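> Before I ask anything, let me first share the structure, which is written out below as structure tokens.
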Amino acid sequence: MKTSDIIVLDFGSQYTQLIARRLREQGVYTEILPFNAKLDDIKAKEPKGIILSGGPASVYAADAYFCDEGVFSLGLPILGICYGMQLLAHNFGAKVAAANKKEYGKAELNVVKEHVLFADTPNSQIAWMSHSDIVENLPQGFEPLATSENSPFCVFGDDVRKFYAMQFHPEVQHSEFGSQILKNFAKHICGCESTWNMGSFAKMQMERIKAKVGDDKVLCAVSGGVDSSVVAALLAHCIKDNLIVVFVDNGLLRTNEREQVEATFRTRLGVDLIVIDASEMFLSRLAGVTDPEKKRKIIGETFIEVFDAEAKKHTNVKYLAQGTLYTDIIESSVVGASKTIKSHHNVGGLPDWMKFELIEPLREIFKDEVRQLGLELGLSRDLVFRHPFPGPGLAIRIMGEVNVPSLELLRKADVILRDELKSTGWYNKTWQAFCVLLNVNSVGVMGDNRTYENAVCIRVVDASDGMTASFSRLPYDLLENVSRRIINEVEGINRVVYDISSKPPATIEWE
Ligand code: XMP
């Protein structure tokens, strides 16, 4: 089984995954382990270098996080970033203290020593900072490599032990040459090669899944979206005989969605798809519920119940496979110090009474990487480049109570929006496009008659991973066409508005 080129020890930074991602973009296979990973587990991966991530703690505080000290004696190059830098400094006798001036955002980095770490980058460059502690003196054996206005020891290193430390975050896009610096560390200092790609990732995940699953069975729930389809395709390639793929029609799907899912799995992937029609169960439990979190909880719990009932019909089902992505984990606050924004229903583990173990092969990757993986596995471009659709479905796009008439209205409007975007080429230029039924009535005039009907909101956003988003600058003519068609063709809707909020502070979905 392939081992990692670089191991990132995670001290809780929001950006830890980005470090891995930047390196993977350079073809360097990088894995993340918790900060307190056992030395033997780290050694078992046979890494060529180690990165200590940032994190919210202070190394001098009572609640500081430390890695196994043996990490510093492995004879491997180490790069400390932000908290990781302070940890390295603290470990080698330097003083780390609260800075007089906190430093967040843009800073100018000035290279003071020509060094391979800065190969192919200018001597003066923009770096992105986010810290309130500062390293006050150089630890033993280190020399300064770069400074910033507030950090005389912004980057320092020891070429003998190959230990390097930087106060700024090279992994974020705002650090102009950050990717190059990470690449320099991996390639020139650790000696990694660009051998990794989505094909090797797929192969590695399949080997892992096969080894883990053995003769047991895996239940995989698909929603028709990209993530679960990619997981199912991955499993179908490696453990087809032990795979049970289930699609739950929860009554909250879009027009023709069920038929499309059946065609993809049965025809294209040759999977014996089990379709469970649980729409009545979902809709009856949602009756009268208007609170968004309650809706999400009900839907999440009902899903689990339906899966469990299905699993009981089979023997040896030990695993549940899910298409959880890194962004789902961050936003549901399972890792790090981030706050819960929404309870994504596919995150957070399973209730105690369920005996499944989880298989989540996409846990460490981002949406665009999942798409690459999907293509690698032979899924159609149509499916792979489908806009994301949330697990709770149309329920979180209907403000207030979810019922059959509201769902019907929303479906009709939604299909028009997607049609228009596809026929004008805008569908593939945007991250997500959907309608939200506002359940707000407004007065209109049709023919010579007064109307008092529902308003629909169009939400179309640009994003690269769903963590942040801005509204898409669609041409007015296109918006006008969509609006006219919805109002003319969907009885019960007499007003269309366009959502111009970005995320943050808004979110992509309305609930
Ligand atoms: P928000 O609304 O949080 O959405 O800005 C970010 C992205 O995640 C999708 N989303 C979900 N996906 N289960 C999912 O599988 C969920 O519960 C869920 N909630 C939001 C949303 O459509 C967007 O792409």
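> Hey, can you find the accessible area per residue of region 53-122 for me, probe 1.4 Å, expressed in square angstrom?
Values: 3350 Å² over 70 residues.
About 48 Å² of surface per residue is accessible.
> Once amide H atoms are built 1.01 Å from N in the peptide plane, which residues 5 or more positions from Val245, or in another chain, come under 5 Å H to H?
Cys220, Ile274
> Continuing with the same structure: How high is the relative contact order of region 198-384, in percent, counting Cα pairs under 8 Å that sit 6 or more residues apart? Present the calculation step by step, with values, prior to reporting the outcome.
Numbers: 266 pairs, mean separation 51.2, N = 187.
Worked out over region 198-384, it gives 27 percent.
> Count charges around Asn488 for me, please; just the other residues with Cβ under 14 Å from its Cβ, Lys/Arg as +1, Asp/Glu as -1. Let's see the in-between values first.
Working: positive: Lys412, Arg484, Arg485, Arg495; negative: Asp419, Glu420, Glu453, Glu480, Glu489, Glu491.
It works out to a net charge of -2.
> Once you keep just the Cα pairs under 8 angstrom separated by 6 or more residues, what percentage relative contact order results for region 100-201? Don't jump to the answer; show the numbers that get you there.
Values: 175 pairs, mean separation 28.2, N = 102.
Relative contact order, region 100-201: 28 percent.
> Divide by every residue of the chain the summed helix terms, -39500 (n - 2.57) for each DSSP H run of at least 4, and state the resulting mean residue ellipticity at 222 nm, rounded to the nearest 500 deg cm²/dmol.
-9000 deg cm²/dmol
> Next question, about the same structure. Heavy-atom accessible area of Thr424 with all protein chains present, probe 1.4 Å, nearest 10 Å²?
About 70 Å², ignoring ligands and nucleic acids.
> List the pairs from Lys183/Lys355; Lys38/Lys102; Lys312/Lys422; Lys106/Lys367; Lys297/Lys318 whose alpha-carbon separation is above 31 Å, in the order I gave them. Don't jump to the answer; show the numbers that get you there.
Numbers: Lys183/Lys355 42 Å; Lys38/Lys102 33 Å; Lys312/Lys422 42 Å; Lys106/Lys367 27 Å; Lys297/Lys318 24 Å.
Beyond 31 Å: Lys183/Lys355; Lys38/Lys102; Lys312/Lys422.
> Compute the distance from the alpha-carbon center of region 392-455 to that of region 11-34, in whole Å.
Rounded to whole Å, the Cα centres lie 39 Å apart.
> I need the phi-derived Karplus couplings for region 194-210: 6.51 cos²θ - 1.76 cosθ + 1.60, θ = phi - 60°, integer Hz, Gly and Pro marked x.
My calculation for region 194-210 gives 7, 9, 8, 8, 4, x, 6, 5, 4, 4, 5, 4, 5, 4, 4, 5, 4 Hz in order.
> Calculate I(q)/I(0) for region 6-189 by the Debye formula, one identical point scatterer on each C-alpha and no solvent, and give its log10 at q = 0.18 Å⁻¹ to two decimals.
So the normalised log intensities work out to -1.19.
> For Ser501, what accessible surface area do you get with a 1.4 Å probe? Give it in Å², rounded to 10.
40
> Between the alpha-carbon centers of region 264-331 and region 457-511, tell me the distance in whole angstrom.
27
> If you rank Met198, Met281, Met399 by how much accessible surface each has, with a 1.4 Å probe, what is the order from largest down? Don't skip to the answer; put the middle values down first.
Details: Met198 10, Met281 65, Met399 35 Å².
Most to least solvent-accessible, the answer reads Met281, Met399, Met198.
> Given a cut-off of under 8 Å on Cα pairs at least six residues apart, what relative contact order in percent is computed for region 119-162? Walk me through the numbers on the way to the answer.
Numbers: 34 pairs, mean separation 11.7, N = 44.
27 percent.
> While we're looking at this one, here's another question. Could you please state how large a percent of the accessible area of region 364-511 is carbon and sulfur, counting protein chains only and using a 1.4 Å probe? If you can, show how the numbers build up before the last one.
Working: 3330 of 6620 Å².
Carbon and sulfur together cover 50 percent of it.
> Further question: Could you give me the ³J(HN,Hα) list for region 48-59, computed from phi with Karplus coefficients 6.51, -1.76, 1.60 and θ = phi - 60°, whole Hz, x at Gly and Pro?
9, x, 10, 10, 9, 7, x, x, x, 7, 10, 5
> OK, next. Determine the order of Met166, Met446 by accessible area, beginning with the largest, at a probe radius of 1.4 Å.
The ranking, largest first, comes out as Met446, Met166.
> Taking the 0 to 90 degree range and rounding to the nearest ten, how far is the long axis of helix 226-239 tilted relative to the main principal axis of the chain, both from C-alpha atoms?
70
> In addition: What share of the DSSP beta bridges in the chain is antiparallel, in percent to the nearest 5? Please list the in-between numbers first.
Details: 35 of 73 bridges.
Counting only bridges with both partners in the chain, antiparallel ones make up about 50 percent.
> If I histogram all Cα-Cα distances within region 1-67 using bins 5 Å wide from 0, what percent of pairs lands in each bin?
4, 18, 27, 23, 16, 8, 3, 1
> Next up: Enter the mean projected area of the convex hull around the alpha-carbon atoms of the chain, in nm², rounded to one decimal.
On the way: hull surface 104.4 nm².
Projected over every direction and averaged, the Cα hull of the chain covers 26.1 nm².
> Let me ask something additional. Each residue of region 88-99 in order: what ³J(HN,Hα) in whole Hz does its phi give by Karplus 6.51 cos²θ - 1.76 cosθ + 1.60, θ = phi - 60°, with x for Gly and Pro?
Calculated HN-Hα couplings, in order: 4, 4, 4, 5, 10, x, 8, 9, 10, 9, 5, 6 Hz.
> Express the carbon and sulfur contribution to the solvent-accessible surface of region 109-227 as a percent, rounded to the nearest whole number, probe 1.4 angstrom. Before the final figure, lay out each step's value.
Working: 2260 of 4820 Å².
Carbon and sulfur: 47 percent of the exposed surface of region 109-227.
> Ok, one more. Over the heavy atoms of Glu376, what accessible area does a 1.4 Å probe trace out, to the nearest 10 Å²?
My reading of the accessible area for Glu376 is about 110 Å².
> Hey, can you find the accessible area per residue of region 403-498 for me, probe 1.4 Å, expressed in square angstrom? Provide the component values of the computation, followed by the final result.
Working: 4760 Å² over 96 residues.
Each residue of region 403-498 exposes 50 Å² on average to a 1.4 Å probe.
> Taking a 1.4 Å probe, which of Thr147, Thr30 shows the most accessible area, and what order do the others take after it?
Working: Thr147 40, Thr30 0 Å².
Heavy-atom accessible area, descending, gives Thr147, Thr30.
The values are calculated or read from the model by the stated rules, or taken from the named source; none is laboratory data. Note that the coordinates shown come from a computational prediction; the quantities given were computed from them, not determined experimentally. Every residue, glycine among them, receives a Cβ derived from its backbone with ideal geometry; neighbour counts consider all protein chains shown. Areas reflect the complete protein model, heavy atoms only, side chains present, ligands, DNA and RNA absent. Shrake-Rupley method; radii C 1.70, N 1.55, O 1.52, S 1.80 Å.
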